[in-house]
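Read the structure below first, then the notes.
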Amino acid sequence: MPDYMDQDTACQALTTDRDHLLAAIEADLGGTPPEIHHNPLRPEPITVTDLVVHVSMWDEIVLAVLTEAQAGRAHWYVDSRWETRDCGRALNAGGVAAGRLLPPELVRDRFRTVRDALITATASVDPGLWHKDLPFRHSGEEPQTLAGLCYKVNMPEADPTQSKVYQHASVHLGL
């Protein structure tokens with residue numbers, strides 16, 4: 001059984017991972033964009049800005065899943081009907097296409113805001129709720145607890161090893 005992480009470890013993993021994306025943003029702004037190893041839109045090319053939009057979109061979904069779970073409700077994303085390759089591709093393509101319509105500085109600001117909100121929300125979960133049974137079922141094999149749900153929704157779709165939980169940006173950056 002995998003380690004579902006305590007809140008502090010999860011927050012540290014999120015922080016470290018999103019700091020890798022902040023470094024990629026800075027490198028891109030400095031004229032040396034990093035290589036992106038996994039393109040969620042393949043075969044279409046992806047930029048650092050596209051990756052920032054992609055990670056931000058998923059972080060917003062994860063934040064909503066966490067918020068709803070703490071209120072005792074299942075978010076639409078934990079319904080197995082959304083866990084198809086077609087749905088994932090549609091969300092990725094639509095999210096990145098919408099982000100391309102925005103000025104890059106707004107995309108970066110969105111990322112920073114969502115990054116901070118997700119880390120703060122994860123850290124703010126009542127520790128008594130972290131391993132408590134959820135009042136609904138999520139679609140994964142993980143424990144039906146908030147820790148298990150967070151593990152499930154923070155597993156990057158691009159990670160074939162299923163071992164890089166809370167490392168979404170790092171998977172795409174090949175770290």
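The values are calculated or read from the model by the stated rules, or taken from the named source; none is laboratory data. Since the structure is predicted, the reported quantities are computational estimates derived from the model, not experimental observations. Every residue, glycine among them, receives a Cβ derived from its backbone with ideal geometry; neighbour counts consider all protein chains shown. Side chains included, ligands, DNA and RNA excluded: accessible areas come from the protein's heavy atoms. Shrake-Rupley method; radii C 1.70, N 1.55, O 1.52, S 1.80 Å.
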Subject >> Separation of the Ala97 and Thr113 label points, Cα + 7 Å toward Cβ, nm >> reply: 2.4
Original post:
Which label belongs to the value computed from this structure, given these candidates for Rg/Rh (Cα atoms, Kirkwood Rh): (1) 0.95; (2) 1.16; (3) 1.02?
Top reply: (1)
Original post:
What stretch of the chain, leaving out the sites themselves, is the longest with no trypsin sites (Lys or Arg not before Pro) in a DSSP loop having at most 15 other Cβ atoms within 10 Å?
Top reply: 1-72
Original post:
For segment 1-135, which whole percent of the accessible surface, found with a 1.4 angstrom probe, sits on carbon and sulfur atoms?
Top reply: 56
Subject >> FRET efficiency, 1/(1 + (r/R0)^6) with R0 22 Å, evaluated for Gln144 and Asp6 via beta carbons >> reply: 0.80
Original post:
Once you list every other residue whose beta carbon is under 10 Å from the beta carbon of Ala117, what net charge do they have if Lys and Arg are +1 and Asp and Glu are -1?
Top reply: -1
Original post:
Within the chain, which is the longest segment containing none of the GluC sites (Glu not before Pro) that sit in a DSSP loop and have at most 11 other Cβ atoms within 10 Å?
Top reply: 36-140
**OP:** In nm, give the distance between the simple-model label positions of His37 and Ser80, each being 7 Å from the Cα along the Cα-to-Cβ direction.
**Re:** 3.1
**OP:** Report, in deg cm²/dmol and to the nearest 500, the calculated mean residue ellipticity at 222 nm for the chain, where each DSSP H run with n ≥ 4 adds -39500 (n - 2.57) and the sum is divided by the residue count.
**Re:** -18500 deg cm²/dmol
Original post:
Considering the chain as a Gaussian network with a 10 Å cut-off on Cα pairs, which listed residue, Thr15, Thr84, Thr113, attains the greatest mean-square fluctuation?
Top reply: Thr84
Original post:
So what's the net charge close to Pro34: Lys and Arg +1, Asp and Glu -1, counting the other residues with Cβ under 11 Å from its Cβ?
Top reply: -3
**OP:** Scan around Thr145 for amide H atoms under 5 Å from its own, H built in the peptide plane at 1.01 Å from N, and keep only partners 5 or more places away or cross-chain.
**Re:** Leu134
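Skip the ligands, DNA and RNA, and give the accessible area per residue of the chain with a 1.4 Å probe, whole Å².
Each residue of the chain exposes 51 Å² on average to a 1.4 Å probe.
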Subject >> Euclidean distance between Cα centres, segment 32-86 to segment 120-175, Å >> reply: 13
Subject >> Against the rule of thumb 2.2 N^0.38 Å, how large the Cα Rg of segment 21-111 comes out >> reply: 1.19
